[in-house]
Amino acid sequence: MIDALVLQAGLLPEGLNVSFKLLPAILVTVMLGSFLVIGFVFKVADTESMWVAGRSIGNVENGMAIGANWMSAASYLGMAALIALSGFYGLAFVVGWSAGYFILLIFMAAQMRRFGKYTAPDFVGDRFNSDTARAIAAVTTFLIGFVYAIGQARGMGLVGLYIFGDIGIPGLSGYQSMVVLMMAITVGYLTLSGMLGATKNMAVQYTILIVAFLVGLYAVGWVNGYSTVLPHIEYGQMFAALGREFSAPFVNGGYYLWIATAFSLIVGTCGLPHVLVRFYTVESERTARWSTVWGLGFICLLYFSAPAFAAFGTDLYAKNIGAVYGDPGMTSAAGDVIVVLATQLSGLPTWFVGFVAAGGIAAAIATTAGLFITGSSAISHDIYKRLINPDATQRQQVLVGRLSIIALGVLTTLAALDPAAPIAALVSYAFSLAGAVLFPMFFLGLWWENTNRQGALAGMTTGLVIWFIPMLNEVLPSYGLLAGMAGSDGIISPVLAQWVPAIGSALVAVPIVFVVTIAVSMTTPEPDLDTKRLVRQCHSPEPMNRQEAAEDVVSGDD
């Protein structure tokens, strides 16, 4: 039965018990139902609550929301998958996805809060006094949400298969049916709740995912004799048994690719709109800083654990299913559920494996929530309200925002039915985009007051072009576009893929965008004095009120 299922579009993981399981199904149904209830209880009717939760979130709660928002299916499932499949190369994701928060903490968290807008495109549009820059940032934000969410939908679909099996939607495989079901639930609660309800849900989702991951790790380590007290360290004794493909540096990815990936993930972290918007939901810049510290702590609980889970799962796969490396080796689908697979292969109770799987679903839904809220706010607030209908009422804005969430959900679901890459790789494309286009604008916009409209437009356009070229080269052929130009490996130009890889294109893009932005800004007129004062206010030691923004202080001083 399983062998037949594995053939469905090549998307199902070998060895995973794909069948309906009553207790896990009840557990996940209750969990999903609670998300809907929380979303309904905290449903919103005004834009302040819809986009920034009324700026009412405390530092610990926001830290938990940052953790849940951040630890997507790519962290819960995809990180362990990459380490299992590519060994040392996978550590680039651990480094990249954690180191970026130090830059956020030191250079951006408090400053973004002091600027005090609703969205990332709002910052770009107002800082550079340009509706064109605002539109580019809004489209980029929507595109990031779309690309990033494909990986989350893939994760929900794969993990849901273990719990519910093939639910049998006509014309769709079991995996595809599960993607449709999970995305429908996610979109349903988001259209109700907005940012306020999503934040309350994220705190719950973080608790579920971190408990599920850590308890699963300790259980797998104990049952199989891998670890006794601290699996985060004890898994090192398995390196010799796992082989050099797992532990030797740069066997599955060269030095340049490792650096390019880690760099892109670091700068991408600092440019992701759904991360930066968390700083707008708190009452002060001090809370923004402390929520970043809490968030980083919550994130590291999982990130320090993922390599151990990958090692345990890799060994169990080799013992119970087949060779991990070589041809055919472990498929990317099996890698993407290695956390669940390791728990299942350990012979643990079905309800317990279901609990670990539920953590993966909670992680994917939490991140999808943040992505869809920021994507919809970009359409509703930054394009509809600011560019199309300046007289739009709050009710109209909320309606457009909800319709945007539905549109994002439909597009993501369609793309996730036959995804082009594993979870972590799909997510990394979004990081490269955020790093290439938005991070330079946020960093220069906050720290160099002479950055002007012309520089920002030139820089953002350059970043978009550089990001799109490797996507055209490596990713679009997987969806049938330009497939005739691609070789047997699905890539149009192997040389371009080597030096400007889609998964790490920000290494090339970011320096170029910085140079272009600075050069154009220096050769064109400086911003006006009010804009410079706005930037200076972002670094002022004077505290501001909860609902106050930098422009309020500047205008009040006139």
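The values are calculated or read from the model by the stated rules, or taken from the named source; none is laboratory data. All values derive from a computational prediction rather than experimental measurement. Glycine gets a Cβ as well: all are built from the backbone with ideal geometry, and neighbour counts include every protein chain shown. Ligands, DNA and RNA are excluded from the accessible area calculation, which covers all protein heavy atoms including side chains. Shrake-Rupley method; radii C 1.70, N 1.55, O 1.52, S 1.80 Å.
One table, with the values for the structure above:
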| quantity | calculated |
| --- | --- |
| Y256 buried (at least 19 other Cβ atoms within 10 Å of the Cβ) and in contact (Cβ under 8 Å) with a residue 40 or more places away in the chain | no |
| Restricting the stretch 357-387 to residues that are among the hydroxyl-bearing types (S, T, Y) and surrounded by 24 or more Cβ atoms within 10 Å (Cβ to Cβ), the residue that is nearest to W70 (Cα to Cα) | T367 |
| Positions within the stretch 94-129 being open to solvent by less than 20 Å² (accessible area, probe 1.4 Å), polar (S, T, N, Q) and not in a helix (DSSP H, G or I), in sequence order | T119 |
| Residue in the stretch 76-93 that is open to solvent by less than 10 Å² (accessible area, probe 1.4 Å) and within 16 Å of L272 (Cα to Cα) present | yes |
| Total residues in the stretch 322-357, condition under 24 Å from L426 (Cβ atoms) and among the hydrophobic types (A, V, I, L, M, F, W, C) | 12 |
| From the options L32, L7, L16, L22, residue that is open to solvent by less than 70 Å² (accessible area, probe 1.4 Å) and either modelled with pLDDT under 70 or over 22 Å from L190 (Cα atoms) (or both) | L16 |
| In the stretch 331-356, residue surrounded by the fewest Cβ atoms within 10 Å (Cβ to Cβ) [restricted to those that are assigned to a loop (DSSP other than H, G, I, E, B) and at pLDDT 90 or above] | G347 |
| Positions within the stretch 158-176 being closer than 21 Å to V410 by Cβ, open to solvent by less than 10 Å² (accessible area, probe 1.4 Å) and not hydrophobic (A, V, I, L, M, F, W, C), in sequence order | G160, G174, Y175 |
| Residue match in the stretch 232-246 (condition: part of a helix (DSSP H, G or I), touching a Phe, Trp or Tyr at 6+ places or on another chain (Cβ under 9 Å), open to solvent by less than 60 Å² (accessible area, probe 1.4 Å) and under 27 Å from E61 (Cβ atoms)) | yes |
| Long-range neighbours under 9 Å by Cβ, at least six apart or interchain, first residue in contact (Cβ under 8 Å) with a residue 24 or more places away in the chain within the stretch 433-462, second buried (at least 24 other Cβ atoms within 10 Å of the Cβ) and charged (D, E, K, R) | M441/R127; F442/R127; G445/R127; L446/R127; T451/R127; A456/R127 |
| Cβ-Cβ under 8 Å pairs, at least 6 apart or on other chains, the stretch 466-480 side without any contact (Cβ under 8 Å) to a residue 24 or more places away in the chain and more than 18 Å from V437 (Cβ to Cβ), far side open to solvent by less than 60 Å² (accessible area, probe 1.4 Å) and part of a helix (DSSP H, G or I) | P477/A483 |
